[in-house]
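Engineer: So that we are looking at the same thing, I have put the structure below in structure tokens.
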Amino acid sequence: MSALPDKLTRRRLCVEDYHRMGDAGIFHPKERVELIEGEIITMAPIGSQHSSFTNRLTRAFVTRLGEQAIVQIQNPVVLSNDSESEPDIAILKPRHDFYRHKLPKASDVLLIIEVADTSIDYDADIKIPLYARNNIPEVWIFDIHCQQLVTHTKRTQNGYQQIQTPADYSQIKLSFIEDLCIDLSFLREST
């Protein structure tokens, strides 16, 4: 068997190809995948802790935001021609059709939240820079095991200038709505 060449040519997928693959039934209905920079990434199954945290965050945001935004849970966001992620929570600009006719794009996103159980390295090293490159204004990661929230704001091309770990979870400021805070103190009480 001959050795593979030093440089392999890869064929990266675009979002349109990815959707055609889904329509053709290439992915198992319960398979969790996302398209990241032209490559299909298999996501870990969602466990009960992850699900519980996501549900609690969802309730808090829906209750606090009401009609001011759409709270989307584990659904696709088209970031670019070659990336379609499925963040745990995406806070979207309100639209009367709730994005019925077209998936939300990066320009529709106000905030993305990733709940990290087994995916902290992937979220921090791959997804955060991807979100920054695609103009997502704010990203939060909640690390279940450390019970730590890390907020990323003030986007640059490759990351975020302001990265904070709030000490007080009872008054987390939402940058996309002036003078609006959300109480997430339950996150520290949930384990």
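Taken together, the values in this text are just the output of simple stated rules run on the coordinates, not laboratory data. In this text the structure is predicted, and so the values were computed from the model without any measurement. Cβ atoms come from the backbone with ideal geometry, glycine included; neighbour counts cover every protein chain shown.
Engineer: If you take the C-alpha gyration tensor of the chain, multiply each eigenvalue by 5 and take the square root, what semi-axes do you get, largest first, in whole Å?
Structural biologist: Sorted largest first and rounded, they come to 29, 19, 17 Å.
Engineer: Further, regarding this structure: What's the center-to-center distance, using Cα atoms, between segment 40-84 and segment 151-191 in Å?
Structural biologist: Cα centroid of segment 40-84 versus Cα centroid of segment 151-191: 16 Å apart.
Engineer: List the residues, sorted by chain then number, that are 5 or more residues from residue 36 or on another chain and whose placed amide H is less than 5 Å from its amide H.
Structural biologist: 41, 84
Engineer: Any idea which of 28, 60, 75 is furthest toward the positive side of the dipole for segment 1-86, if Lys and Arg beta-carbons carry +1 and Asp and Glu beta-carbons -1?
Structural biologist: 60
Engineer: Hey, fewest Cβ within 10 Å first, where do 83, 107, 52 land in order?
Structural biologist: Taking fewest neighbouring Cβ atoms as first place, the list is 107, 52, 83.
Engineer: I've got another one for you. Could you line up 27, 53 from fewest to most neighbouring Cβ atoms inside 10 Å?
Structural biologist: Ranking 27, 53 by Cβ neighbours within 10 Å, fewest first, gives 27, 53.
Engineer: Relative contact order for segment 74-129: what is it in percent, counting Cα pairs under 8 Å that are at least 6 residues apart?
Structural biologist: Worked out over segment 74-129, it gives 33 percent.
Engineer: A further question follows. Sort 28, 50 by Cβ crowding within 10 Å, fewest neighbours at the top.
Structural biologist: Fewest to most other Cβ atoms nearby, the residues stand as 28, 50.
Engineer: Same structure, new question: Enumerate the aspartates and glutamates that residue 30 could reach by cross-link, defined here as Cα to Cα under 17 Å, with residues fewer than 8 away along the same chain left out.
Structural biologist: Within reach: 86, 88.
Engineer: Compute the relative contact order of segment 46-189 as a whole-number percentage, counting only Cα pairs closer than 8 Å that sit 6 or more residues apart in sequence.
Structural biologist: Answer for segment 46-189 is 17 percent.
Engineer: Which lysines does residue 102 reach when only Cα atoms under 21 Å apart count, and residues fewer than 8 places away in its own chain are ignored?
Structural biologist: Answer for residue 102, where 21 Å is the Cα cut-off: 93, listed by chain and number.
Engineer: Expressed as an acute angle from 0 to 90° and rounded to the nearest 10, what is the orientation of the C-alpha long axis of helix 48-65 relative to the principal long axis of the chain?
Structural biologist: 60
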